[in-house]
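Trainee: Following this message is one structure expressed as structure tokens.
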Amino acid sequence: MEPNVVQAMTALLMLLVTTRALWYLLWRPYAVARWFQQQGIRGPPYKFLVGSLPECQKMIVAARAKDLDTNSHDCITTVQPFFRKWASIYGKTFLYWLGPTPALCSTDMELVKKVLTDRTEMFQKDYSNPSLEAVLGNGVVFANGDDWKRRRKFIHPAFNQEKIKSMSTITLECTQQTMERWRALMQESNKKQAEIDMMHDSDEIAMSVIARVMLGKSYKEAWEVFIAGKEQLKLATYGFADPPIPGFRYLPTRRNRRTWHLDKLVKHKISQIIEARLAGEVYEDDLLGQMLQLKVQACSSAETLSTEEMVGECRTFFAAGYETSASLITWAMFLLASYPRWQEMVREEVVREYPAHKLPLVDSPGKLKLLNMLLLETLRLYGPIAFLQRKTASDTILAHVKVPKGTMITIPLVMLHRDKEIWGPDADEFNPMRFKNGFSRAVKHSHALLAFSYGPRVCVGQNFAMVEVQIVIATILKSFSFSLSPTYVHKPSNFITLMPRYGLPLIVRNLHPNT
């Protein structure tokens, strides 16, 4: 090929790339902003390339300097100060920018319901932090359309009542192991009480449960997988501060290189376990075994999962299940420690329904109504997930708002769960009694509590998580009382899931020191 032709083609290619970049980074954002402004929807102005992210980061840094009173549950101040500020200026539905990507944030219940209950083809499950995809695996969380339907149908049997019941015994054993460590601490110090970090212990219990439920007898040989997954989650939290440069996660930065190494380790180890089970035709009765049995039974490759897809589902189950359970246990214990009357009421219920000779909740978790009310209020005030996001797969209309393709829809749960128009004048207060007649009568919108999402993409493991947390809390209440340590600093922060920034130090006391 002639040099002049090559130069001309190179120049043309560069022109096309430059034109496309200018359209995406400059012209399109302003065109989208005008589109929404004509519909009465405004927001913070778009800034070239970075969008609204610097303003968000600035407000988050400022929020870190503030400590909340332990009786204050208004954690919007520390978790989503930017959404509160913009909502006060622009209303319940406003436009902001994730770099050059337009994002519509809304607490309007009509729009929220439309997003969560409409056909799955209309929206893609997406996140503003690309690092999350590597951590969660290419599982059902990130699947869309027909692929999502196939995956959900495939993994749904793993969460039936029989599987949840078998998980109950595992949860009980893991909780008892943690409590034995507390007793050992008391014996070493020759005291009737000990200070523990409940955030650390919630994390330990949840990870042990997920490991055993997911890989059964193989969990010990794969323990490094769970340690690696935990580190990946930590690294992903830093991804929220990454510059909004397309392809940034592929640059060989120190953090990216570590993430790639962990990703390779996790994939290799889980793939080895899968291949060994398939070769020996011994599938085991754990989550992975359930998927392997369904894979063998499937008649068509279109109806099954590949080894790579099963690895993704295992990673999704670990990351999503472990983090959310640990968060819920932590905040439920915080609220029980903060409100001694409720701690005593729930303990009395547990002891009444499950006397000393019975194992709590292995057979029928539905008996503990007060504990369930307490957990619903915990999910409202300190739900694991601070926001839900969907991306429009095509031009669509949401509650009379015309939304172009590629717009991120953000539902700020921390704000929505404190909306006084929905929850009443005491929305910022701890009041589990609002759920005494069941969730549907607690508010005028039956889908207002969105800790596990809602509609066709509701979390498939929500019953699993609720039973697990009930067992942990009930087991602890039967043997220990607890209160907040004077060293506790109340600063809820968003680390993938909502967690206390400096841990949850509790003073635990053994109710039965002679046993």
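Read-outs: derived from the displayed coordinates by stated rules, not from any lab. This is a predicted model, so every value here is computed, not measured. Here the Cβ positions follow ideal geometry from the backbone for every residue, glycine too, while neighbour counts run over all protein chains shown.
Trainee: Excluding same-chain residues fewer than 8 positions from Lys391, which aspartates and glutamates have a Cα within less than 12 Å of its Cα?
Mentor: Candidates past the 8-residue exclusion: Glu121, Asp126.
Trainee: Where does each of 50-56, 397-403 land if you order them by average Cβ count within 10 Å, highest first?
Mentor: On the way: 50-56: 19.1, 397-403: 16.0.
Taking the mean over residues of other Cβ atoms within 10 Å, the ranking is 50-56, 397-403.
Trainee: Using a Cα-Cα cut-off of under 27 Å, which lysines could be cross-linked to Lys165, ignoring same-chain neighbours fewer than 8 residues away?
Mentor: Lys165 reaches Lys149, Lys153, Lys217, Lys220, Lys230, Lys295, Lys358, Lys367, Lys369, Lys436, Lys478.
Trainee: Rounded if a/c is under 1.5, else prolate if a/b beats b/c, else oblate: with a ≥ b ≥ c from the C-alpha gyration tensor eigenvalues square-rooted, which is region 375-498? Before the final figure, lay out the partial values.
Mentor: Values: a/c = 1.91, a/b = 1.80, b/c = 1.06.
Cα axes put region 375-498 in the prolate bin.
Trainee: A further question follows. Beta carbons within 10 angstrom, averaged per residue: use that to sort the peptides 482-491, 91-100, highest first. All intermediate terms of the calculation are to be shown ahead of the outcome.
Mentor: Numbers: 482-491: 16.2, 91-100: 21.0.
With the highest mean Cβ count within 10 Å placed first, the list reads 91-100, 482-491.
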